[in-house]
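Heads up: the structure comes next, in structure tokens.
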Amino acid sequence: MRAGGARVGVDELLAAHRALRAVDAADRDSAYFALRAALCSRREDLAVFDAAFEAGFAQQAPAQPVPEPLADVASLVLPRAGVPQRETVVDVEADVVPAAWSDVELLRDKDFADYTEEERRLVRGIMGSLARRGPERPSRRTRASHRRGAQPHASRPDLRRTVRASLRHGGEPFERHWRERGERQRPLVFVCDVSGSMEPYARLLLQYMQACVAARRRVEAFVFGTRLTRVTRELRGRDPDRALERASTAAADWSGGTRIGEALATLNREHGRRLGRGAVVVLLSDGWDRGDPDELAEEMARLRRCARRLVWLNPLKAHPDYEPLTRGMRAALPHVDDFLAGNSLASLEQLARVLEGGLASADRGNPAREGDG
Amino acid sequence: MQFENPEAFREALAGQRYLADRGLATSVYLAAELGQPLLLEGEAGVGKTEVAKALAAAAGARLIRLQCHEGIDVHHALYDWDYARQLLHLRAGDETPLYSERFLLRRPLLQALEADEPVVLLIDEVDRSDDEFEAFLLEFLSDFQVSIPELGTVGAKRRPLVVVTSNRTRELHDALKRRCLYHWIDYPTPAREAEIVHARLPGVADQVAERVCRAVARLRGEELYKLPGVGETIAWTQALLALDDADLEETLGVALKVREDIERVRERGVLEGV
């Protein structure tokens, strides 16, 4: 950019660094806009920045269409050195990206089990932004709206504002105002397996749960090994490290055996009210169960009847050869709405999409469910 | 309110056929004495709402009830304007101001503030409302004073005794809890429950009441999805009376409302020998 005539000093560089950390830097568009906000100070800088971003990160910048390749004639006329070699450029775009725009981007597909302590801290921001995405539903609280809604019953007359407005017209309600339903966050319930076999994943999944508890309103978090512990209160608070520490102290059977069925039974009986109807329940477990599969199936069925949607995240599913053969997994799958991997940031992103209702039935857990339900 | 000690309160409540234990009587007494709201939590059917009703009757106060629901807002809870009359008034060309007491609709909270007589204000199932409303309640409960933009500030003529109930479908905000006295109402012991049945259904044979209470106590000891409340105990006794002392298992549907629970109880013979 300096070569292009823009004034970029050390301050701007530092700002850029901070900006990248503040946004989801693995998302190219976010990185683009964050950097642009930090590095450009005049309108003229924008074009220079676009060119520099393009050169630096080698993919099409969103604000600027790809320049048309030079016509054959032009390439003959212009001097050789000035013409990009078209074939090689295409190759580069398809295979390697010369510079990643952040460390986080490299972590996107990395398995949680291979994370270092440093990397765990690094993904905190991105988990925070993932955690803000979640299910919503129409609220019964209304808000003022400008127009009458398209569908009937979509809005109701706002008598309060209509009467106010009619004062201007001698009591004739010419100007009409409306109210429409708002959106509310749907309750979200996490139930995380922290038994021995889940150990490599539990920490990061718990970190994600912590981010959700911090970011959303109605989130409940439970962990279980042989018995169920509620950790919602422990996970609250500003400092994520201390929250995680509190949660691990609260869960006594950290890294022990697994009894999913019993844990779910406790959940259904003692916390059934907290779940509330209409919650989305997310189970995080590898399905290695030492309990009774019949009990597991029964409790899963119960849970599914109460919940709006039941999602199972199994880190083992990321393996291409994985088949749900364990007894527990086989018993549980027929009752699951969505069966996802949950071993990497990419899979958590997928979860966020499912929670938002974007992935309607593309990754439905089991076709057998259609048969029995 | 004019009670000397918790024991006097307990007796007054018993006079209204509400049998409170020592803990509850003390909490209610303190709420009245300190002028602080009382937050009651407990399983469904342990008589949270009944406390407020009995309390009002015992103290000779007026009971004003605000039933919370999702989406409840200031206009449901505090005040609203009578828009239809306002519009008619405007078209009639009358000179009196549009936003005057004449067109004010008083909702429960405002009624409680403006009442001249002693009032028990019951804010029922507060967990059903949303966070915004909870924040408003917090303000209301801290100084018993609200402002209506068109009219000005309205303060309480005398502090109402406030009873807030929650079913714990969600955790209430800590700030709201801090403002209140808290009491958790547990299931009564079989002996006390038998007393309650007697108080509610005068003339029931001891033997029937005790039998039902023993059965209910056993059910509550099981791992069931939905445990029977005191209301169910009373209904069960009534059912047995109506059927002239029928079999407990036959009438299980009065006490348990989940199919799996009924099956489990029958399978395991929980009620055998009661």
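The values are calculated or read from the model by the stated rules, or taken from the named source; none is laboratory data. This is a predicted model, so every value here is computed, not measured. We place every Cβ from the backbone using ideal geometry, glycine too, and count neighbours over all the protein chains shown.
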Report task. Can you tell me which residue within segment A:187-203, out of those that are modelled with pLDDT of 90 or more and within 19 Å of A:GLY237 (Cβ to Cβ), is farthest from the chain's Cα centre (by Cα)? Result -> A:CYS192
Report task. Taking A:PRO200 as the residue in question, decide whether it is farther than 30 Å from B:LEU104 by Cβ, within 10 Å of chain B (Cβ to nearest Cβ) and in contact (Cβ under 8 Å) with a residue 40 or more places away in the chain. Result -> no
Query - Only listed residue being within 14 Å of another protein chain (Cβ to nearest Cβ), at pLDDT below 90 and closer than 30 Å to B:PRO37 by Cβ, chosen from B:LYS226, B:LYS177 - result: B:LYS226
**Report entry** Scope segment A:168-181; condition more than 9 Å from every other protein chain (Cβ to nearest Cβ) and assigned to a strand (DSSP E or B); matching residues
**Finding:** A:TRP178, A:ARG179, A:GLU180
Query raised in the report: Which of the residues belonging to segment B:94-150 are assigned to a helix (DSSP H, G or I), hydrophobic (A, V, I, L, M, F, W, C) and closer than 14 Å to B:LEU172 by Cβ?
Result: B:VAL126, B:PHE133, B:ALA135, B:PHE136, B:LEU137, B:LEU138, B:LEU141
**Report entry** Residue check for B:THR153: among the β-branched types (Val, Ile, Thr) and within 14 Å of chain A (Cβ to nearest Cβ)
**Finding:** no
Query raised in the report: Of all residues in segment B:8-60, how many are among the acidic types (Asp, Glu) and at pLDDT 90 or above?
Result: 3
Report task. Would you please name the residue that is farthest from A:HIS271 (Cα to Cα), looking only at residues in segment B:43-83 that are facing another protein chain (nearest Cβ under 8 Å) and assigned to a helix (DSSP H, G or I)? Result -> B:TYR83
Query raised in the report: Looking at segment A:185-218, which of its residues are surrounded by fewer than 20 Cβ atoms within 10 Å (Cβ to Cβ) and in a strand (DSSP E or B)?
Result: A:GLN185
Report summary line: When (1) at pLDDT below 90; (2) surrounded by 14 or more Cβ atoms within 10 Å (Cβ to Cβ); (3) assigned to a helix (DSSP H, G or I) are applied to B:ARG91, the one that fails is (2)
Query - segment B:84-128: number of residues that are of a type in the set (Lys, Arg) and either more than 11 Å from every other protein chain (Cβ to nearest Cβ) or in contact (Cβ under 8 Å) with a residue 40 or more places away in the chain (or both) - result: 4
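Results for (1) touching a Lys or Arg at 6+ places or on another chain (Cβ under 7 Å); (2) not small (Gly, Ala, Ser), shown as yes or no for each residue.
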position	(1), (2)
B:ALA54	no, no
B:LEU66	no, yes
B:LEU104	no, yes
B:PRO108	yes, yes
B:ASP131	yes, yes
B:VAL164	no, yes
Report summary line: Over segment B:220-252, the set of residues within 28 Å of A:GLU295 (Cβ to Cβ), in a helix (DSSP H, G or I) and touching a helix residue (DSSP H, G or I) at 6+ places or on another chain (Cβ under 7 Å) is B:GLU232, B:LEU252
Query raised in the report: Among the residues of segment B:192-218 satisfying the criterion of being touching a residue at least 12 places away in the same chain (Cβ under 8 Å), under 27 Å from B:ALA52 (Cβ atoms) and more than 21 Å from the chain's Cα centre (by Cα), which is surrounded by the fewest Cβ atoms within 10 Å (Cβ to Cβ)?
Result: B:ALA217
